[in-house]
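Scroll down for the structure; my scribbles are underneath it.
The values are calculated or read from the model by the stated rules, or taken from the named source; none is laboratory data. Bear in mind the structure is a predicted one, so any value in this text is a computation, not a measurement. Positions of Cβ are backbone-derived with ideal geometry, glycine not excepted, and every protein chain shown enters the neighbour counts.
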Amino acid sequence: MTATEPETTVEITVDGAAVDAKPGEMLIAACERSGTYIPRFCYHSRMSPVGMCRMCLVEVDTGRGFALQPSCMVPVSEGMKVSTESEAAKKAQDGVLEFLLINHPLDCPVCDKGGECPLQDQTMAYGPGETRFVEEKRHFPKPIAISETVFLDRERCILCDRCTRFADEVAGDALIHFMGRGNHTEVNTFTGEPFASYFSGNTVQICPVGALTAAPYRFKARPWDLTESLSTAWVDSLGSRVAVQASRNRVLRVLGADADAVNWGWLSDKERFGFEALNSEARLPAPKIRAEADSDSREFRRAGWGEALEAVADALRAASPERVAVLGGARLTNEAQYMWAKLAKGVVGTDNVDSQLGDGLDPRLVLGLPRATIDDACRPGGTVLLVGPDPKEELPTLYLRLRHAIVNDGVRLVEVTPHATGLSHLAEHSLRPRPGTTAELVRALVLATDPDVLRSAAMEEPVLGALAAGSKSDRVSELRAALTTAETSFGTDRAGIESAARALSGAQGGLVAVLGRMSLAEPADILDDAARDLSRLPSVRVLPALRRGNAMGALEAGLAPDLVPGRMRLEEVGDGAPLAGCWPRLPASPGLDASGILRAAARGDIDVLVLLGADPLNDFVDRDLAYRGLRGASVVVAVDLFENDSVSLAARIVLPAAGPTECDGTFTNLEGRVSIMSRKVTPPGTARADWMIAADLSERLEPGSTDGLDPPQAIRAELARVSEVHAPLTEEALTQNHLEGVLLAGVGATGEAGGWHGGKEWRRSRRQAAPVTGPAGREDDPEAPAEGLNEGEFLLVATRTMYDDGMMLRHCPSSRDLAAAAAARINPADADRAGVEVGAAVRVVSDFGHIEATLTTDAGVPAGSLRVDWLAPGAPANRLIAAGTDVTVVRVEAW
Amino acid sequence: MTLSDANEAQAAEIIGWFPRPRSALIPLLHLAQAQDGYLTDGAMRRIAELVGATPAEVKGTAGFYEMFRFEPVGTYLVNVCTNISCLLWGGEELLEHACESLDVEVGGTTDDGMFTVEEAECIAACTEAPCLQVNYRYRGRVTPADFDRLIEDLRAGRAGIAGHGVLAQVRQSIPAERLAGVVPPEQAREAPVWLARNDVEAVR
């Protein structure tokens, strides 16, 4: 898969024809590649073979005569002769099917799998056709809910071990297992522990019978009534390839597509079941308008598109460009993002545009660093440095790929995260920086990779050490300083940093840094500093762990301050005809980012604020500032699928947009891989695609500015014309790479190839090292982990979880109850220090606000930290945080 | 119910015998069953923690083996053999007598929680037919009268058979001449040959 192709081949004979097989390949795979399909139930190319079902029995001769062997368990060998259609093979397959069907209920007419069922299909193709079993079949209670979404029908189960193998091998959540033996074997969970896996939906997709079904699709359709389009998952920035299936203009199911470079056919349950929100009754069907904020009526009234768009255009005409701002845009397709960038920057002329809500990465950093692909990160024998969020929570399908690479391909993981992640138990080194000191820890780590520097820094006498290091004395003193700061991190000792650094410097086979925002209580520029230091490592490449769907596309399309398509800054664009003459004008000067926009709006300096699928109230790091910004902007225009909290609070004009399965376009994932998004159904009511809304507004403001930009393909063509980066994005390339998508070139590993000033520009001067703030340490116990913190005080860590109280999940019937109740998690060692009993309802209080939660202990949280989920129901963590503060100190109070 | 303090200590020792904690799973299941007579959910959860598996994996593994039990049993589990030799020598009658005298169905437990009677397939003591086991300790050539005496002795604590709970702490005494020559792990000088070399390194 990711390994280099072996050059040698093994020649085998399949039904008399010579076939070249790959060494070590299983017979069943070699036959399939050469066009001979061998029936199977248990074999799955992405999991290890087990030989459970015996359906793939064929006759194999390795020199001792033909004998029946399961082809999924037999590796090919030179000169092997295979007969897949011999008398004996056919009889064996027929017999296996007859046995499998003995206890199978044959309730195909009412079974969801009927019509796409491997058991049904293969019985027709290879089976006996008649049964000799006249006795009563087995009966079990059914269906059994083994989780909130997945149902098990034991009568249909043929014990192929696919679901249990997936749970164990792929997901690492072995919460289902075979229990009992022989005739009594069954798939089961442990008493009281449901199959609560983020990946449970995959077991439904790979079940070769109808034994596992998922709530969103149960009894909704028959497979032959579904039409299918290849598309891209939209809930996170990984861009998993999916098959969207619909019937009668309604999306009914999303299945994972096996793109080798991306998701291997797997999906997280959020990617798989997130479509439910698109079918929600709460979708906005038509534009609506309401009177000014201070008027009597706050009720929306329904409006026509003409009226609503003219109202927006009027507001934009009336405002001077620097008093217009656009927030959001990661939900949009690349084409819509380009159209909105063009509208805002090229037509209106404002640069106050930010697709990230203060919770992302500096765009210059994302676009300016040498870029890694998922395959690069998972390359056998490589090393991954995770300085970012928990992949299991934020990029679950990336977690599956990384997990596979670590478990099976010898990839080594070093993680620098504020609390234990889903990969911690597989990590070679886990460093837990004290909130606010992440940058220092990364710097110490990077400096320590130089053995000379490390050795010298360890010497007692500073002078001696500096002498020993010779020309590296600067770095020695830097390392000393960084180590000193990092060592004040609770739980991070010098030895841990040193051994992690040795793992990095010894990285054979490539080093990939997965870089993203971890705790949202830490400001973004910590990551700038960390990235700056990371780039000192030779041959490091970066996989940016971006938040939200098409965040990468938004940055590439220029939906960020001081950026236009093609990774160019405003000052780099020529004076003549900007962007190949396609844009009427350009903003006069660089604009504001999300927090700048909200600050300006709160001051009353923003006349028109466009929320492009943004919900700053819930997503911006500082809820108070978001509130004041939304209330302070004169006219708030929302383009969204739902009336989210920010829209309810402040929007004057609401324009309903088409969802991800309702418009054509492309998606750019975190690697820069562009893949197709397909229109499968029509949007509700009169909702329009985002690009159409932008085009209409552009035309009203600047007639002729969008001439010829009608279908998304035309927009794509203009994008490829104005942006060198997007030049490879031809229709031909997209068609040819239908499954895996087209990879946009990033900055090369050498920093030479194209891009943003060769990857140097983002390296702005380093922030002053954050002093470890907080009151003096406790004198009675200098070893206390919570050095510098008073009794009952903690440093806040706020991280995202897969299930939260977000707008999309609120409208997914199968997932909306899965968000965990608000919990304040502290290290068990801190239980006494909290001043409140563990398990009690508490109020987590910062200088800026408070939330209510249950106090719990979690060994994955380092002592001294207190971890809350970002958007737990009723307890948004951004109430506690003020934008721009390095460290948030919180207390817990009984409540 | 989880593991008692004494059994926790023993579990730690057992885990130390193996190159990987997971390998200790089956011995730990025996330990837990000896403690409670059956595998409680709490004990399986604790074992899962100890060996680094999920409770589902622990239960799944235990479920493969017939002699691990998931339902409570009496202090003394009486297995009466009714296989061919015992059948010929009155095993059926012995089982019937056991059930009648203890007033239980086959598989049932007496009201006082002292005895559970089960029918066993061959327990490999055909020379001693009809035979039975009490908590896996053998009694051979058992007549109904012998059975009544045995029950009386068990009730009086004279039978020399421990009830579960302390079973794990009581070693069966095997005469020296009948030992198979297996060296106890703690006395072994060399790692067993079946351990791969890198495993041996890992152990050290």
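In this structure, is B:Gly74 part of a loop (DSSP other than H, G, I, E, B), surrounded by 14 or more Cβ atoms within 10 Å (Cβ to Cβ) and either of a type outside the set (A, V, I, L, M) or modelled with pLDDT of 95 or more (or both)? Criteria met by B:Gly74.
Do we find a residue being under 21 Å from A:Gly849 (Cα atoms) and either hydrophobic (A, V, I, L, M, F, W, C) or in the same structural domain as A:Gly849 (by TED's automatic domain parsing) (or both) anywhere in segment A:603-617? Yes, that holds for at least one residue. For segment A:682-700, check the following and say yes or no: at least one residue is modelled with pLDDT of 95 or more and assigned to a strand (DSSP E or B). Within segment A:682-700, one or more residues are modelled with pLDDT of 95 or more and assigned to a strand (DSSP E or B). Output yes when any residue across segment A:248-262 is under 30 Å from B:Lys59 (Cα atoms) and either within 14 Å of another protein chain (Cβ to nearest Cβ) or free of Cβ contacts under 8 Å to residues at least 60 places away in the same chain (or both), and no when none is. No, segment A:248-262 contains no residue that is under 30 Å from B:Lys59 (Cα atoms) and either within 14 Å of another protein chain (Cβ to nearest Cβ) or free of Cβ contacts under 8 Å to residues at least 60 places away in the same chain (or both). Determine, yes or no, whether B:Thr40 is of a type in the set (S, T, N, Q) and in contact with a strand residue (DSSP E or B) (Cβ under 9 Å, 6 or more places away or on another chain). Judged against the criteria, B:Thr40 is not a match. Of the residues making up segment B:42-99, just one is touching a residue at least 40 places away in the same chain (Cβ under 8 Å) and of a type in the set (Asp, Glu), namely B:Glu93.
Checked against the criterion of being hydrophobic (A, V, I, L, M, F, W, C) and surrounded by fewer than 22 Cβ atoms within 10 Å (Cβ to Cβ), the candidates A:Ala221, A:Ala233 yield just one match: A:Ala221. Each residue in segment A:157-180 was checked for being among the charged types (D, E, K, R) and within 12 Å of chain B (Cβ to nearest Cβ), and 3 pass. Residues that are touching a helix residue (DSSP H, G or I) at 6+ places or on another chain (Cβ under 8 Å) and either assigned by TED's automatic domain parsing to the domain that holds A:Leu400 or over 29 Å from A:Tyr399 (Cβ atoms) (or both) do not occur anywhere in segment A:160-171.
So which residues in segment A:378-435 are of a type in the set (Gly, Ala, Ser) and not in a helix (DSSP H, G or I), if there are any at all? A:Gly381, A:Gly382, A:Gly388, A:Gly410, A:Ala420, A:Gly422, A:Ala427, A:Ser430 - these are the residues of segment A:378-435 that are of a type in the set (Gly, Ala, Ser) and not in a helix (DSSP H, G or I).
Test of understanding: among A:Gly129, A:Gly115, which residue is free of Cβ contacts under 8 Å to residues at least 40 places away in the same chain, closer than 30 Å to A:Leu226 by Cα and not in a helix (DSSP H, G or I)? Going through A:Gly129, A:Gly115 in turn, just one is free of Cβ contacts under 8 Å to residues at least 40 places away in the same chain, closer than 30 Å to A:Leu226 by Cα and not in a helix (DSSP H, G or I): A:Gly129. Counting the residues of segment B:119-135 that are among the hydrophobic types (A, V, I, L, M, F, W, C) and surrounded by fewer than 17 Cβ atoms within 10 Å (Cβ to Cβ) gives 2. Here is a check on your reading of the model: is A:Pro143 more than 14 Å from chain B (Cβ to nearest Cβ), over 30 Å from A:Glu662 (Cα atoms) and modelled with pLDDT under 95? The answer is yes for A:Pro143. Restricting segment A:183-197 to residues that are of a type in the set (Val, Ile, Thr) and within 8 Å of chain B (Cβ to nearest Cβ), the residue that is farthest from the chain's Cα centre (by Cα) is A:Thr191.
Within segment B:24-66, the set of residues being acidic (Asp, Glu) and either surrounded by fewer than 19 Cβ atoms within 10 Å (Cβ to Cβ) or more than 14 Å from chain A (Cβ to nearest Cβ) (or both) comprises B:Asp36, B:Asp41, B:Glu49, B:Glu66. Annotation: of all residues in segment B:67-104 being of a type in the set (Ser, Thr, Tyr) and touching a strand residue (DSSP E or B) at 6+ places or on another chain (Cβ under 9 Å), the one that is farthest from the other protein chains (Cβ to nearest Cβ) is B:Tyr76. Per the conditions (1) under 21 Å from B:Ile123 (Cα atoms); (2) in contact with a His (Cβ under 6 Å, 6 or more places away or on another chain); (3) modelled with pLDDT of 90 or more; (4) not aromatic (Phe, Trp, Tyr), the sole criterion not satisfied by B:Gly37 is (3). Can A:Pro216 be described as in contact (Cβ under 8 Å) with a residue 40 or more places away in the chain, outside the structural domain of A:Pro49 (by TED's automatic domain parsing), touching a Cys at 6+ places or on another chain (Cβ under 7 Å) and not in a helix (DSSP H, G or I)? So A:Pro216 does not fit the description; no. Evaluating A:Ala259 against the criteria (1) modelled with pLDDT of 95 or more; (2) in a loop (DSSP other than H, G, I, E, B); (3) in the same structural domain as A:Leu586 (by TED's automatic domain parsing) leaves one unmet condition, (3). Out of A:Pro105, A:Pro109, I need the residue that is out of contact with any His (no Cβ under 9 Å at 6 or more places or on another chain) and more than 14 Å from every other protein chain (Cβ to nearest Cβ). Which one? Unique residue meeting the criteria: A:Pro109.
Would you call A:Thr36 of a type in the set (S, T, N, Q), part of a loop (DSSP other than H, G, I, E, B) and without any contact (Cβ under 8 Å) to a residue 40 or more places away in the chain? Against the criterion (of a type in the set (S, T, N, Q), part of a loop (DSSP other than H, G, I, E, B) and without any contact (Cβ under 8 Å) to a residue 40 or more places away in the chain), A:Thr36 does not qualify.
Residues satisfying the criterion are absent from segment A:294-306 (criterion: within 23 Å of A:Trp691 (Cβ to Cβ), polar (S, T, N, Q) and part of a loop (DSSP other than H, G, I, E, B)).
Every residue, every condition in (1) under 30 Å from B:Asp41 (Cβ atoms); (2) over 27 Å from the mean Cα position of the chain (by Cα), yes or no:
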site	(1), (2)
A:Arg181	yes, yes
A:Phe199	yes, no
A:Trp234	no, no
A:Leu238	no, no
